[in-house]
Amino acid sequence: MSASVARRALFGGVVGTTSSVLPAFMTGAIAVQLADDLSLGASQLGLVIGGFFASAALGSVLLGRLAERLGPGAAMRIGLTTSMLTGLAMSQAGSALHLGLALLVAGTSNALTQPAANLLLVRHVPDGRLGLAMALKQAGMPIASLLGGVAVPVLALTVGWRWAYVAAALVAGAAMAAVPAAAGSTRAARSTSSVPRPRPDLPRSLLVGYAVVGLLGAAAAGATVSFLVSAGEQSGLSPSEAGLLLTGGSAVGITSRILHGRWADGPRLLPIRRVALLLGVGGLATIVLALDTPMAYVVAVLPVFAFGWAWPGLFNLSVVRNNPSAAAASTGVTQTGVYIGAGAGPVLGGLVVDTAGYPALWWASGLSLLLAAGTALLLRRRLRARRAALLVGA
């Protein structure tokens with residue numbers, strides 16, 4: 001496998017991941033402008049963003065298996081083509097219903113693109129750099145959040161929010177062009193047969209444990225990204241300042257994910273243990289946002305993203321390392337929890353905001369992250385017990 005193919009696979013995985021989640025994060029970032037034109041309230045915003053992740057959750061297991069069978073190249077091209085078309089459809093939305101239906105389709109394309117990108121990296125990136133590669137790929141989510149924040153002052157407040165969705169479609173087109181033509185081939189060293197076996201190595205109970213961690217962590221992250229801009233504006237920040245706050249937090253989240261991914265390629269770091277640490281600190285920082293003052297947002301948003309959003313790369317790395325036979329199929333199962341959480345976060349968050357205000361939202365999100373940290377520690381114990389049992393059996 002040439003170094004150029006590995007670089008293109010990495011670039012395609014990062015940009016593909018970014019473009020597949022960009023519609024949801026873009027919608028949260030430009031919510032104020034959408035509310036003016038489409039009469040989109042907080043509850044409706046939560047529903048349309050939640051619909052994106054709900055459709056992804058429903059299709060994740062089956063589409064993960066499909067990605068395993070089609071190969072990463074074909075699966076990513078199908079998913080990214082759908083993302084591009086739905087981005088253009090959202091740019092023409094005339095109602096909240098139109099926007100929500102387009103986001104449902106975009107969520108399905110995300111459910112195919114995400115496991116396909118994981119498989120792309122597992123097959124084409126050397127083992128010693130897989131942690132960094134997974135971190136860069138998972139940096140696609142905060143990159144999407146960053147782009148959403150940039151879109152507020154650059155597009156939504158100048159030429160209009162519709163052009164923000166056109167830009168999202170262009171990102172999906174760029175990702176398609178980046179996927180290497182050789183991405184459908186299978187590296188023998190990573191496969192037990194000439195045809196990938198779409199069956200995870202871990203028992204389903206442990207995969208469900210991963211899914212629960214992903215659900216709780218993603219629920220808090222989804223609520224944070226969906227309502228951070230509008231919450232910041234209500235606390236006294238200007239629309240541009242609130243958008244830049246999301247941009248800065250996303251940049252910190254990107255940097256943190258990459259650093260932790262690089263450290264994960266070392267011999268001593270256990271990904272699931274670091275996941276628990278990041279979730280715990282992120283939960284405490286999120287609770288600080290409940291002070292609901294401009295200063296609280298300025299001070300707390302950086303650790304919220306640096307810790308509370310830094311875990312997904314390590315999370316997926318732990319999954320694929322424990323399921324070498326079927327990276328796409330296994331992450332298809334664990335991503336189901338992530339999608340359910342990411343979908344439930346905006347929906348429940350919108351209801352909480354409408355009934356109890358933003359401080360209650362930040363308390364709920366922080367506690368969700370702390371519970372995710374405790375679940376990750378329990379999962380680590382079960383994984384260690386399983387490894388010990390396998391060694392005794394051997």
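The values are calculated or read from the model by the stated rules, or taken from the named source; none is laboratory data. Here the structure is a predicted model, which means the values were calculated and not measured. A quick note on method: Cβ atoms are made from the backbone with ideal geometry, for glycine too, and the neighbour counts reach across all protein chains shown. These accessible areas exclude ligands, DNA and RNA; they are computed on the full protein's heavy atoms, side chains included. Shrake-Rupley method; radii C 1.70, N 1.55, O 1.52, S 1.80 Å.
Segment ASP127..ASP354, full-extension length gain: 77.0 nm, with 0.36 nm per residue of separation and the alpha-carbon distance subtracted. Here the chain has 69 percent of its accessible surface on carbon and sulfur atoms, given a 1.4 Å probe and all protein chains in place.
When only the heavy atoms of the protein chains count and the probe is 1.4 Å, how do VAL320, VAL171 rank by accessible area, highest first?
On the way: VAL320 10, VAL171 35 Å².
Ranked from most to least accessible, the order is VAL171, VAL320.
Taking the helices alone, the chain has a mean residue ellipticity at 222 nm of -28000 deg cm²/dmol, built from -39,500 (n - 2.57) per DSSP H run of at least 4 residues and averaged over all its residues. Relative to one another, the C-alpha centroids of segment 300-346 and segment 233-297 are positioned 15 Å apart. Shape analysis of segment 236-282 based on the Cα gyration tensor places the equivalent ellipsoid semi-axes at 30, 12, 4 Å, largest first. Taking all protein chains together, ARG69, ARG382 sort by accessible area into ARG69, ARG382, largest first [probe 1.4 Å]. Normalised by 2.2 N^0.38 Å, where N is the number of residues, the C-alpha radius of gyration of the chain stands at 0.92.
Label sites at HIS98 and ALA388, each approximated as a point 7 angstrom past Cα along Cα to Cβ, lie 6.1 nm apart. With a ≥ b ≥ c taken as the square roots of the eigenvalues of the C-alpha gyration tensor of segment 248-381, please select rounded if a/c is under 1.5 and otherwise prolate if a/b is larger than b/c or oblate if it is not? Verdict is prolate for segment 248-381.
Structure remark: mean-square fluctuation, Gaussian network model of the chain, C-alpha springs under 10 Å; the largest value among ALA290, ALA219, ALA327 belongs to ALA290.
Might you tell me the accessible area per residue for the chain, computed with a 1.4 Å probe and given in Å²? It would help to have the intermediate numbers written out before the result.
Details: 14520 Å² over 394 residues.
Using a 1.4 Å probe on heavy atoms only, each residue of the chain averages 37 Å².
Considering only PHE305, PHE315, PHE11, the mean-square fluctuation computed in a Gaussian network model of the chain, springs between alpha carbons under 10 angstrom, is largest for PHE11. Here is what passes the span test in the chain: the DSSP H helices with alpha carbon length of 27 Å or more along the helix axis and a Kyte-Doolittle mean of -0.5 or above are 3-29, 42-70, 72-91, 96-124, 204-235, 239-264, 327-356, 358-393. The GNM of the chain, with springs linking C-alpha atoms under 10 angstrom apart, assigns the highest mean-square fluctuation among THR18, THR293, THR27 to THR293.
If DNA, RNA and ligands are ignored and the probe is 1.4 Å, what is the ranking of SER4, SER39 by accessible area, most exposed first? If you can, show how the numbers build up before the last one.
Working: SER4 60, SER39 90 Å².
I get SER39, SER4, largest accessible area first.
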